[in-house]
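Taking it in order: structure first as structure tokens, then the write-up.
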Amino acid sequence: MIKNYLKIAWRNLVKNKVHTFINVVGLSLGMAVVMLISLWIYDELSYDKYFPSYDHIVQVMQHQTINHNTITQVDIPIPLGAKLRQDYGQDFKYIVLSTYTDQHTISHEDKKLNHSGKFMQAQAPDLLTLKMIRGNRSGLSDPSSIMLSSSLAKAMFGNADPMNQLIKIDNTLNVKVTGVYEDMPQNTSFNDVAFIAPWDLFMTTFPYLKRAATQWGNNSWELFAQMNPGVDVNKVSADIKYAKLRSILAQGDKIGASFNPVLFLNPMSRWHLYSAYFNGVNIGGKIEFVWMFGVIGLFVLILACINFMNLSTARSEKRAKEVGVRKTLGSDRKQLIGQFYTESLLMSSLAFAISLILVQLALPWFNQVADKQLVILWDAPVFWIIAIICSLLTGIMAGSYPALYLSSFKPVKVLKGAFNAGPYAKLPRKVLVVLQFTVSITLIIGTVVIFRQVQFTKNRPVGYGREGLIQAQLRTDVIHKHFDAIKYDLLKSGAITNIAESNSPLTGVWQRESGLSWRNKPAGLQDDFGIIPVSFDFGKTVNWKVIDGRDFSKEFITDSSGIILNESAARFMNFSHPVGETVKKDGRNYKIIGVVKDLVMASPYERVTPTIFFIIDFPGNIVSIRINPNISTHDAIAKINAIFQQYDPDSPFDYQFTDSEYAKKFDDEERTGKLAGFFTILAIFISCLGLFGMASFMAEQRTKEIGIRKVLGASVFSLWQLMSQEFVVLVSISILIAIPTAYYFMHNWIRHYYYQAALSWWIFVITALGGLLITLVTVSYQGIKSALTNPVKSLRNE
Amino acid sequence: MIKITNLEKFYRTEEVETIALNKLSMHVDTGEFVAIMGPSGCGKSTLLNILGMLDDPDEGSYVFNDIEVAHFNERKRADLRKHNIGFVFQSFNLIDELTVFENVELPLIYTGVPTGERVKRVEEVLDKMQIMHRRNHYPQQLSGGQQQRVAIARAVVNKPKLILADEPTGNLDSSNGNDVMELLTDLNEQGTTIIMVTHSEHDARYSHRIIRLLDGQTVMENIMI
Ligand SMILES: Nc1ncnc2c1ncn2[C@@H]1O[C@H](COP(=O)(O)OP(=O)(O)OP(=O)(O)O)[C@@H](O)[C@H]1O
Ligand SMILES: [Mg+2]
């Protein structure tokens, strides 16, 4: 029986090539999209699951409130570590203080490499259950040790034994390799931690850190912990809530307490996907993308299934006679259903095989766009089980409508005359087409809005000249010590036109402070300023725009206590004439000498932070360099590198182009846009494929009618109109549904941005026109083709 | 009204070439009722299609109302056709998706008759064909005879000068067939020229003249009295 089903099914597939092609291509594209998205979602959901203690690892975080605005941060003060250990020690198995993951120079003999890593307390390897390749997890208990990731060890020592080799960190810390761990995979929060060095080493080396060790107000560190088995995270999270506040109050720090710090434990399962907070409340995060892409994937598959159902039911009218004859010959309904299911399952299996090939071909590109390292899980039985179940379900879902619909035909009715399903039989088909295009058009609008938002923000004036500017991070104070000499040499070489030191790059605000005071500051106003110490030439190097007062100048001795505000800071302080006013910080008075146009340094989507620029009086950690526009960038960099090496031979000159650093701020949105665009194009393609199939089927079905109409005098134009208008009407309905739907979703999406492109009406109009145009192009081929056919031919076939 | 001379029509398939019309000449005057007869495959339908300007001849001349139309392009032919010629087919060729009224209305739409006028003329002709009470039915809901009456109504609604009928009674029983023949005769008496293909000697008797074809050529003409 099955064999007979298969034989007939295969014959039908081969006989109706266009129909089969459309169905198989559509379905395999749909399946490929679902597979890609599933791999992506699987990867996102398994984020950090590499760590065996996944369920017990937490990060200590805090909410702080400034002017009724609650911000949530991973940054905590150092004394908190000891406090938790002392008061809540029984709840935690490990408590580990850590620095941020940051770039450092790792050198061994002549080899210098810049890699990111962390300084962590000794239990870190146990907390993360690092998979040790050499040494053991207690490697950090030696205060001058370092543990390397296997790829860093390889890069550093090649095939030589890394154990007990001597290494210098940032040219200052001498350490010995005590362990090598397996690289932490891409989909973990520690994927970029290429080395771990002891926290105590870090703390004892830099004198200013000794102070930080007791400061409850210095939130510049991270704190990870692992719960003891059986401990309720939520309960401990509630217990420690005010631990910091109580300590601050005990120290009598009123300002610190006014920020109302509230601690909580954030379980590892929420780090990656639920990292967004608004006013102290978790509002999701990347999980939204998981949902979004999940829904899109499902929709694309549904679109393909709709094609299948539509074409099959449309064909059903043609097959009605076959069904009628079969029924009169004694075939019962079950056999017919079996026949149709066999056909659809055969097609979905074919589609599944093709989709595997498509996914394999698309993965390199997809990985690049999505910034992932996904692979088809060829050797995982679970993958195959799920994939096969899914394609069976798809086959059944796609085949059920035609199977049930077709097999329910009454033979007498069908055989008596021309089969006419009546006006309502076509309704489900129409609804499906409307659904298809509603989804496609909503996706188009969404993609356009995302791209426009990115483009709009990219065009936001940044307040400085970012072309021809490079920035390099300084890891020692050598450059600072010889700054004037280096500057002289660089200028003489013709490579640069200016150079300046600062304590934040142009693409970030690394220091924020509050508790500043000025004349007429309203009582109770909480302030939070970006603080950027810069050298005198900073403004001239980055080309900022002074809009009031003047720039820093060495000619004024008093400028070492002068400050420059950005517009936002001036507005915040609410001076009508800010220049000449005095601002007090840390007990010292600073005079405002100028105001500059806002520099977009942090997120380009956000409001610019009120920022104050001071003259730097300690080694800065960034130099910004304006390259001489008259020589090639390549030559300029070579010259700059040579001069930096001459003064600081132990640190690699590690620079970035400011404009590409700035461009990185758009990576996430651009990635989303690209993926959404990709899925949109597929969705439209699949929908059009279906439309084309429907149009060709309709043309075939209406040959006789068109012939008659032609005999009666219909023009080609009116026939084309006749053949296209039904689709145009359906797509128009889709547009009417899609526009408010898309508006609703995109309005919600764009609301999160302070700097937002308007949802202009023309986006919707153009998308609507585009949708109609695509429809017309798709269906016109068939319409015109049948309108041009000689009616004598079509009527003869009767 | 119609004068054809040495008309030829070939059908070429991959191997064989069929001569459907072989140097055929004939003429039909305005107001005539002509029957065309002959064995199956002798070229009757082919001739009718050419006369109706649905198809063009390969050779020869076709003069319609003093105009040479043999080499008219598709659009000119369509234009001439929709204003002058009505068709009736053996298999009725009604559009299943349209009601009786809508089917009959179609030619008027294509010749650009305004709505009000259209309704009036369709009702008039449906009345004449005695199927007014079925105006909102779909073709499948009618008997064969009724369907053919709708088809005739559709053919005459535009008041064509010429009606071409290809075996109009072929699918009907004798009583329905006679009704159709009476209708055609009436139309002819009111001045419409009719050319009808038929296999039935009985039906042919309604005409003024019978043209007999064999292998694409005229073999005999009988004048009826
Ligand atoms: N499209 C075509 N392609 C090939 N041959 C054709 C075509 N149309 C007609 N013929 C051939 O031309 C000849 C005349 O056909 P036509 O349909 O005019 O015959 P007929 O006299 O109307 O026959 P019947 O009485 O059966 O309707 C036949 O031999 C037929 O096979
Ligand atoms: Mg014939």
> Within the stretch B:177-212, which residues are away from ligand 2 (no atom under 16 Å from the Cβ), open to solvent by less than 40 Å² (accessible area, probe 1.4 Å) and part of a helix (DSSP H, G or I)?
Replying inline: B:Gly177, B:Val180, B:Met181, B:Leu183, B:Leu184, B:Thr185, B:Leu187, B:Asn188
> Which members of the stretch B:126-170 meet the condition of being under 17 Å from the mean Cα position of the chain (by Cα), in a helix (DSSP H, G or I), among the polar types (S, T, N, Q) and within 13 Å of chain A (Cβ to nearest Cβ)?
Replying inline: B:Gln147
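Residue-by-condition table, conditions (1) closer than 19 Å to A:Gln453 by Cβ; (2) open to solvent by 30 Å² or more (accessible area, probe 1.4 Å):
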| position | (1), (2) |
| --- | --- |
| A:Leu719 | no, no |
| A:Glu726 | no, yes |
| A:Tyr743 | yes, yes |
| A:Ala768 | no, no |
> Filtering the stretch A:231-280 down to residues that are assigned to a strand (DSSP E or B) and not assigned by TED's automatic domain parsing to the domain that holds A:Tyr88, which residue is farthest from A:Arg85 (Cα to Cα)?
Replying inline: A:Phe278
> What are the residues in the stretch B:38-59 that are closer than 15 Å to B:Thr218 by Cβ and either more than 16 Å from ligand 1 (Cβ to nearest atom) or among the polar types (S, T, N, Q) (or both), if any?
Replying inline: B:Thr46
> Do you know which of the residues in the stretch B:70-89 that are closer than 21 Å to B:Met196 by Cβ and without any contact (Cβ under 8 Å) to a residue 60 or more places away in the chain is nearest to ligand 1 (Cβ to nearest atom)?
Replying inline: B:Arg81
> Given the stretch A:345-464, what helices (runs of 4 or more DSSP H) lie entirely inside it while holding 3 or more residues that are open to solvent by 30 Å² or more (accessible area, probe 1.4 Å) and at pLDDT below 80?
Replying inline: A:381-407, A:411-416
> In the stretch A:668-716, which residues are open to solvent by 30 Å² or more (accessible area, probe 1.4 Å), within 11 Å of chain B (Cβ to nearest Cβ) and either part of a helix (DSSP H, G or I) or without any contact (Cβ under 8 Å) to a residue 60 or more places away in the chain (or both)?
Replying inline: A:Gln701, A:Lys704, A:Ser715, A:Val716
> For the stretch A:137-165, what are the residues that are under 15 Å from A:Leu201 (Cα atoms) and either outside any loop (DSSP other than H, G, I, E, B) or free of Cβ contacts under 8 Å to residues at least 12 places away in the same chain (or both)?
Replying inline: A:Gly139, A:Leu140, A:Ser141, A:Ser145, A:Ile146, A:Met147
>> Exactly one of these conditions fails for A:Phe727: (1) in contact (Cβ under 8 Å) with a residue 60 or more places away in the chain; (2) touching a strand residue (DSSP E or B) at 6+ places or on another chain (Cβ under 9 Å). Give me its number.
In response: (2)
> Looking at the stretch A:1-119, what helices (runs of 4 or more DSSP H) fall wholly within it and have at least 3 residues that are open to solvent by 10 Å² or more (accessible area, probe 1.4 Å) and at pLDDT 90 or above?
Replying inline: A:17-45, A:79-88
> Going through the stretch B:104-125 one residue at a time, which ones are under 12 Å from B:Ala151 (Cβ atoms) and more than 9 Å from chain A (Cβ to nearest Cβ)?
Replying inline: B:Val104, B:Val125
> Just to be sure, is A:Thr178 at pLDDT below 90, over 36 Å from the mean Cα position of the chain (by Cα) and over 30 Å from A:Phe259 (Cα atoms)?
Replying inline: no
> What helices (runs of 4 or more DSSP H), lying completely within the stretch B:10-123, carry at least 2 residues that are within 16 Å of the chain's Cα centre (by Cα), crowded, with 23+ Cβ neighbours inside 10 Å and within 16 Å of ligand 2 (Cβ to nearest atom)?
Replying inline: B:44-51
> Is it the case that the stretch A:761-778 has a residue that's within 18 Å of A:Phe697 (Cβ to Cβ), among the aliphatic types (A, V, I, L, M) and either within 14 Å of another protein chain (Cβ to nearest Cβ) or over 30 Å from the mean Cα position of the chain (by Cα) (or both)?
Replying inline: yes
> Within the stretch B:1-37, which residues are of a type in the set (D, E, K, R) and touching a residue at least 12 places away in the same chain (Cβ under 8 Å)?
Replying inline: B:Lys3, B:Glu8, B:Lys9, B:Lys23, B:Asp29, B:Glu32
> Does the stretch A:52-69 include one or more residues that are on the phi > 0 side of the Ramachandran plot and either more than 30 Å from the chain's Cα centre (by Cα) or acidic (Asp, Glu) (or both)?
Replying inline: yes
> Can you name the condition, by its number, that A:Lys168 falls short on among (1) under 24 Å from A:Arg475 (Cβ atoms); (2) open to solvent by less than 70 Å² (accessible area, probe 1.4 Å); (3) in contact with a Ser or Thr (Cβ under 6 Å, 6 or more places away or on another chain)?
Replying inline: (2)
> Of the residues A:Leu719, A:Leu691, which single one is within 25 Å of B:Asp96 (Cβ to Cβ), of a type outside the set (Val, Ile, Thr) and within 35 Å of the chain's Cα centre (by Cα)?
Replying inline: A:Leu691
> Can you tell me which residues in the stretch B:156-166 are within 16 Å of ligand 1 (Cβ to nearest atom) and farther than 16 Å from B:Leu94 by Cβ?
Replying inline: B:Leu164
>> Which numbered condition in (1) surrounded by 15 or more Cβ atoms within 10 Å (Cβ to Cβ); (2) free of Cβ contacts under 8 Å to residues at least 40 places away in the same chain; (3) out of contact with any Ser or Thr (no Cβ under 6 Å at 6 or more places or on another chain) is the only one that A:Phe278 fails?
In response: (1)
> Restricting the first residue to the stretch B:38-54 and requiring it to be within 16 Å of B:Ile210 (Cβ to Cβ), which pairs with a second residue that is open to solvent by 10 Å² or more (accessible area, probe 1.4 Å) and assigned to a loop (DSSP other than H, G, I, E, B) meet a Cβ separation below 8 Å and a spacing of at least six or different chains?
Replying inline: B:Cys42/B:Asp215; B:Gly43/B:Asp215; B:Lys44/B:Gly38
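The values are calculated or read from the model by the stated rules, or taken from the named source; none is laboratory data. Not measured: the values here are computed from a predicted model. Glycine also receives a Cβ, built like all others from the backbone with ideal geometry; neighbour counts cover every protein chain displayed. For accessibility, only protein heavy atoms count, side chains too; no ligands or nucleic acids. Shrake-Rupley method; radii C 1.70, N 1.55, O 1.52, S 1.80 Å.
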